[in-house]
Amino acid sequence: MARLDPHSYNDSDQPEVRALDWIARVEFATQTLHAEARLTLRAPGAGPLDLDTRGLTIERVTDEAGAPIVYLLGPPDPILGARLRLELPPGSSEVRITYRTAPDASALQWLPAPFVYSQCQAIHARSIVPLQDTPRLRITYRARLTVPRALQALMGAAFVSREEEGELAHVTHLMMEPIPPYLLALAVGELAAHELGPRSRVWAAPEVLARAAWEFAGVDELVCAAEALFGPYPWGRFDLLVMPPSFPYGGMENPRLAFVTPTLLAGDRSLQNVVAHELAHAWTGNLVTNASAEHFWLNEGFTVFAERRILEAVAGPRIAALHAAAGRRALDHALADLADRPGLTCLRTHLSGIDPDEAFSRVPYEKGYLFLRALEDLAGRARFDQFLRRYLDTHRFQSLTTGQFGAFLAAELPEAAALDVAAWLEAPGLVLPAAPAEVCGEPAPGWSALEWQRYLEDLPSPLSATIAQDLEQRFQLSNSPSCEVLVAWLTRAIEAGHAPALARTEALLAEIGRIKYLKSLYIALAKNPATRARAGALFRQHRARYHFLARSVLGKMLRQLQVPIEQVNPVSLSKRPL
Ligand code: BES
Ligand code: ZN
């Protein structure tokens with residue numbers, strides 16, 4: 001028996017599931033999916049088949065003829081969930097599992113609108129479908145969702161049909177390309193669409209559709225630039241879905257339908273790098289995939305590299321370089337934050353017993369990017385581009401480990417031996433000298449969001465209240481339409497004790513849900529003794545609206561920063577023995 005992925009019960013000696021046929025009724029009243037998953041095996045098999053589940057209630061397991069299959073649902077592990085072991089009779093080729101999800105399924109956020117969406121990466125697909133939830137194994141799928149007739153049902157897959165029946169609609173999607181399970185994606189709600197180009201449209205809540213249409217008008221230019229770099233776009237369509245504000249990430253590369261945060265709607269197209277990033281995943285990640293979260297840098301490091309190449313092609317080398325410099329500052333911060341967990345600063349990580357959501361940082365993104373840049377500088381752009389194309393072509397629809405990448409590199413780009421490749425891949429920290437100080441001059445009204453971000457992040461610490469006041473007066477930074485600038489500004493202004501910034505921060509914390517921004521703002525509040533208690537109070541006030549992941553990441557962080565976040569209960573206090 002071999003458990004090759006520390007985050008899955010999958011045993012590589014057992015049969016592999018090839019296809020999922022999924023039937024699910026989306027019930028808002030109870031926040032439940034009532035579902036049947038039909039799993040087809042790659043080859044007829046027998047004996048135990050271990051599947052990943054989390055919070056699922058299993059109602060029935062049968063073969064395709066309806067004959068019961070013996071199963072055992074194990075106890076829940078806090079990271080992995082519960083193992084569902086089926087005992088397959090000889091010659092089994094299909095199993096059918098009838099089940100329902102828990103109202104707190106970790107992949108789903110249910111909103112009152114009504115709206116429900118999934119976020120399956122890294123290991124949450126198992127909370128909505130029992131399957132081999134490891135990116136090592138790919139599946140094709142067909143899904144038939146039953147939803148209230150008034151709502152749209154979207155998936156990261158090709159639309160097939162919508163049939164209406166009374167108050168309900170049955171919506172079928174098909175994913176014919178094999179995908180890792182973390183790319184399974186759905187969103188159900190009141191949504192409208194605007195055509196952006198020959199293979200792209202944007203979906204959004206009706207009230208933000210016009211802004212979204214403007215912000216993403218240039219998407220086909222990005223797709224064309226990406227195709228010139230990495231080859232034909234492999235997934236047919238590239239649509240965008242503007243998520244509700246509580247979406248915890250900037251973007252998620254669901255195939256054919258990338259999910260993006262509404263904070264991208266800055267009105268200046270300054271955040272098109274996030275779209276370029278999710279688009280780049282169509283090749284780096286969705287086509288060539290990390291074999292487990294321990295090799296996550298293969299997904300994200302390559303994607304940041306590809307993102308900046310796309311950006312360079314459409315916006316020029318200066319913009320790409322500004323993004324790279326911002327990335328380097330973020331990396332230096334992440335490395336400092338992880339000083340007591342050096343294992344998490346390696347590209348190849350070891351994550352047995354560690355939740356991938358907890359291991360998440362900018363390190364795989366930006367250290368991975370710098371490693372690929374170092375290779376490119378060594379080989380020259382033309383040769384490195386060829387290498388990249390060969391890497392993508394050779395491993396289409398496969399999942400790789402860092403070791404497999406290293407072997408391919410040694411064979412295909414032998415000059416890489418001039419670098420200490422093993423140190424880059426396996427050692428903690430950064431092999432490079434400190435980033436050179438940048439000269440960025442004095443602020444000017446015409447500055448772009450990126451220039452402001454750099455200026456604000458580089459202002460000397462601690463920032464004085466006078467400087468903060470002066471900046472606010474001259475440039476009204478609290479009104480910046482770019483969340484990147486706004487958050488960079490507010491964190492510095494809170495540090496400076498600039499009172500008007502507190503009100504703006506409080507309003508923002510009530511509005512947004514992207515973990516990256518929430519983290520920066522809560523850290524700033526917690527670090528200033530004058531606002532520390534406020535951080536706890538604001539978190540208590542808003543946490544119910546945050547995505548469960550934001551809630552858990554921020555809760556842990558605030559506790560570490562010794563911010564009191566639990567409600568003081570006078571009854572239990574008075575009952576405490578003296
Ligand atoms: N796939 C990630 C988001 C993700 C990673 C979700 C791990 C769950 C687990 C996505 O492509 C991403 O990297 N988003 C970034 C975009 C940025 C780097 C431009 C984000 O959300 O900040
Ligand atoms: Zn990414």
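No value in this document is a laboratory result; all are computed from the given coordinates. Predicted, not measured: the structure shown is a model, and the values here were computed from it. Backbone-built Cβ (ideal geometry, glycine too); neighbour counts: all protein chains shown.
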Could you grab me the full set of residues in the stretch 492-518 that are more than 22 Å from the chain's Cα centre (by Cα) and among the charged types (D, E, K, R)?
-> Arg492, Glu495, Arg504, Glu506
Picking from Pro232, Pro245, which residue would you name as being more than 11 Å from ligand 1 (Cβ to nearest atom), surrounded by fewer than 22 Cβ atoms within 10 Å (Cβ to Cβ) and under 24 Å from Lys519 (Cβ atoms)?
-> Pro245
Scanning the stretch 191-223 residue by residue, the ones that are part of a strand (DSSP E or B) and in contact with a helix residue (DSSP H, G or I) (Cβ under 7 Å, 6 or more places away or on another chain) total 7
Take the stretch 436-467 and flag every residue that is touching a Lys or Arg at 6+ places or on another chain (Cβ under 6 Å) and surrounded by fewer than 15 Cβ atoms within 10 Å (Cβ to Cβ).
-> Cys440
Is it the case that some residue within the stretch 484-496 is out of contact with any strand residue (DSSP E or B) (no Cβ under 9 Å at 6 or more places or on another chain), surrounded by fewer than 18 Cβ atoms within 10 Å (Cβ to Cβ) and without any contact (Cβ under 8 Å) to a residue 40 or more places away in the chain?
-> no
Residues (more than 14 Å from ligand 1 (Cβ to nearest atom) and at positive phi) located in the stretch 283-330 = Gly316
Do any residues in the stretch 58-71 that are in contact (Cβ under 8 Å) with a residue 40 or more places away in the chain have Cβ atoms under 9 Å from those of residues that are of a type in the set (S, T, N, Q) and assigned to a strand (DSSP E or B), where the two are at least six apart or on different chains, and which pairs are they?
-> Ile58/Thr98; Glu59/Thr98
Tell me which of these Leu450 doesn't satisfy, since it passes every other one: (1) farther than 20 Å from Val485 by Cα; (2) among the hydrophobic types (A, V, I, L, M, F, W, C); (3) in a helix (DSSP H, G or I); (4) in contact (Cβ under 8 Å) with a residue 24 or more places away in the chain.
-> (1)
Matching residues in the stretch 491-527 - criterion: being over 25 Å from Phe548 (Cβ atoms) and of a type in the set (A, V, I, L, M) | Ala493, Ile494, Ala496, Ala499, Ala501, Leu502, Ala503
Selection within the stretch 20-39 - of a type in the set (D, E, K, R) and either under 24 Å from the mean Cα position of the chain (by Cα) or under 14 Å from His170 (Cα atoms) (or both) = Arg25, Glu27
Helices (runs of 4 or more DSSP H) wholly inside the stretch 354-421 containing at least 3 residues that are farther than 16 Å from Val288 by Cβ, within 16 Å of ligand 1 (Cβ to nearest atom) and touching a strand residue (DSSP E or B) at 6+ places or on another chain (Cβ under 7 Å) = none
How many residues, within the stretch 267-319, are part of a loop (DSSP other than H, G, I, E, B) and either within 15 Å of ligand 2 (Cβ to nearest atom) or closer than 27 Å to Ala217 by Cβ (or both)?
-> 12
